[in-house]
Structures are given as structure tokens and as C-alpha cells.
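A.B. asks: Dumping the structure here so I can ask a few things about it.
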Amino acid sequence: PSITDIPRSAPQIMPQHDPLLGLRFLAFAMVFLGHWFMVVFTEKDFVPMLKSTDAYWLVTSSPWGGVWLFFTLSGYLMGKGFISGRYSLDWKGITRYYRNRALRIFPIYFTAILIVGGLVMPENFKVWLPEMQFNLFELFSMDAKGAGPIGALWSISTEFQFYILVPFICALTAGLFKTKTRILFAAIGIILISFAYKYNMNYQHGLDRWYFKVYVTLLPNMDVFLLGILTAYAVEYCHTKKIILKYG
């Protein structure tokens, strides 16, 4: 039917918006602006500018904070996939989950590695040399620890290592977080253990080791991933109990 045949009283279908896209944009802005103004093009009088009353600090967000926000969102979305039943905790469901993750990550990841690596680090492709074979193995096993041709891809490596663990984490915690008390105590436990671990790590090695201990590896970032999964349990609890939060 033409649009004139539709009654004026017909209900209007409102577009559905994903609020997580707003959080993704916020995380992207933190990473991009933080690298631009604090890492790549840092002003010589950077510290005095931050201490002044100028609004310069508005564009100097923490890149780490943005990455951790991405990690938390990943924990929530990956956990939600199993908690909501989109993926089943059996062989079929887990293999489908791994296949979807690989199809989403691998093509663009390895294409970027090959193109940029060929232009910037062509010596890495001399496969007849044993040391270059090891470098290639690190790159293609997503374990380059930030030393690859695109250092920023360390976060993709960390995320994919987490993706591998998600089905096992959800299988171990299935049916465990069905009350708000357990969810709350679990969140407090994760925060306290993480704080103790990172405080001890900085006490042992100092802040100069921060990059090597926290900025790349999976273990020191597990707290935000796990809190994301716990958030998925909290959302599922609200759905089960039919709890409607104000403003959605």
C-alpha cells in the first residue's frame, strides 16, 4: 500500500537506540584525545597548563580509562551472550561463539598487521631466518606485547585472550549470581583483590613497570572484564525480577 493508505491514527514505530554506543563513543574519545594531547603532541608546558584555570584539561582524558571502558563493555557483552542464552554452554554454543569472535576480529586484525608490517617492518617477513619466524609467530598468535607494527593493537590481543576464557568463566559461575547480595559481594571482592594486586605490583616494581605489567597483559586487566560480566548478571537479575529502572 502507498503511504496515503495508512491511517493517520496508526501507531508510530520509534527507532531503537543502543545506549552502549554512547559509551563506546565516550571510550573512543578518551583514547583518541588522550593520545593526541598527552602522548603524541604533548605541549612543553603541559603540567602548568593542566594546573591553570584554562579548559585544556577537558581534552586530556586518560587513554587508559577509555581502554578500560572498552574492556568493561566487552566483559558485559560477552557475558551477556551466555547469560541471556544467546550462546549455550555446550560444544555447539561455544564453537559458534568462537567462530563469531574470530570472524569479527581476525580478518581486519591480520590484514592490518600484514599491510602495516610490510610497509614499516618488512624485515619481519624474512621467514627463512629463525628469529623472524618467532616474531611472526608472536604477531599471528596475538601475543606481540605491543612490539608489533601497530602497537595500539595490544588491546585487541588482550581482548581476544579474554574472549577465549569467557565460556569457562560463565560455566563456572552459571547459577551463582541470582541474588543481588551475591552480585554485590562479588563486585566488592573483585575490586578489593584487584586493588591489593595492583598496589603490591606498583610497590614491588614502581610505576616505571606499569606499561609492562598492566598496560598490555591480560591478568592485571581482568578486574574490568569480570566486573563487566557481573554487570550482565545484574541486568539479567533485573529482567528476571521484572525490575524497571528509572530512565530505562
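A.B. asks: From the set of residues in the stretch 219-248 that are at negative phi and among the charged types (D, E, K, R), which is least open to solvent (accessible area, probe 1.4 Å)?
C.D. replies: Asp223
A.B. asks: Further, regarding this structure: Which of the numbered conditions does Met78 fail, given that it passes all the others? Conditions: (1) in contact (Cβ under 8 Å) with a residue 60 or more places away in the chain; (2) farther than 23 Å from Ile164 by Cα; (3) among the aliphatic types (A, V, I, L, M).
C.D. replies: Exception for Met78: condition (2).
A.B. asks: List every residue pair whose Cβ atoms lie under 7 Å apart, where the two residues are 6 or more positions apart in sequence or sit on different chains, the first residue falls within the stretch 221-248 and is without any contact (Cβ under 8 Å) to a residue 24 or more places away in the chain, and the second residue, located anywhere, is open to solvent by less than 50 Å² (accessible area, probe 1.4 Å) and of a type outside the set (Phe, Trp, Tyr).
C.D. replies: So the pair list comes out as Leu245/Cys238.
A.B. asks: Which of the following residues is open to solvent by less than 40 Å² (accessible area, probe 1.4 Å) and touching a Lys or Arg at 6+ places or on another chain (Cβ under 8 Å): Tyr97, Tyr87, Tyr76?
C.D. replies: Of Tyr97, Tyr87, Tyr76, the one residue that is open to solvent by less than 40 Å² (accessible area, probe 1.4 Å) and touching a Lys or Arg at 6+ places or on another chain (Cβ under 8 Å) is Tyr87.
A.B. asks: Take the conditions over 18 Å from Leu230 (Cα atoms) and open to solvent by less than 60 Å² (accessible area, probe 1.4 Å) and apply them to Ser61. Does it pass?
C.D. replies: yes
A.B. asks: Return only the number of the condition from (1) modelled with pLDDT of 95 or more; (2) among the small types (Gly, Ala, Ser); (3) buried (at least 16 other Cβ atoms within 10 Å of the Cβ) that Gly189 does not satisfy.
C.D. replies: (3)
The values are calculated or read from the model by the stated rules, or taken from the named source; none is laboratory data. Nothing here was measured: the structure is a model prediction, and the numbers come from that model. Please note: Cβ atoms are built from the backbone with ideal geometry, for glycine as well, and neighbour counts cover all protein chains shown. What goes into the accessible areas is simple: the full protein's heavy atoms, side chains included, and nothing from ligands, DNA or RNA. Shrake-Rupley method; radii C 1.70, N 1.55, O 1.52, S 1.80 Å.
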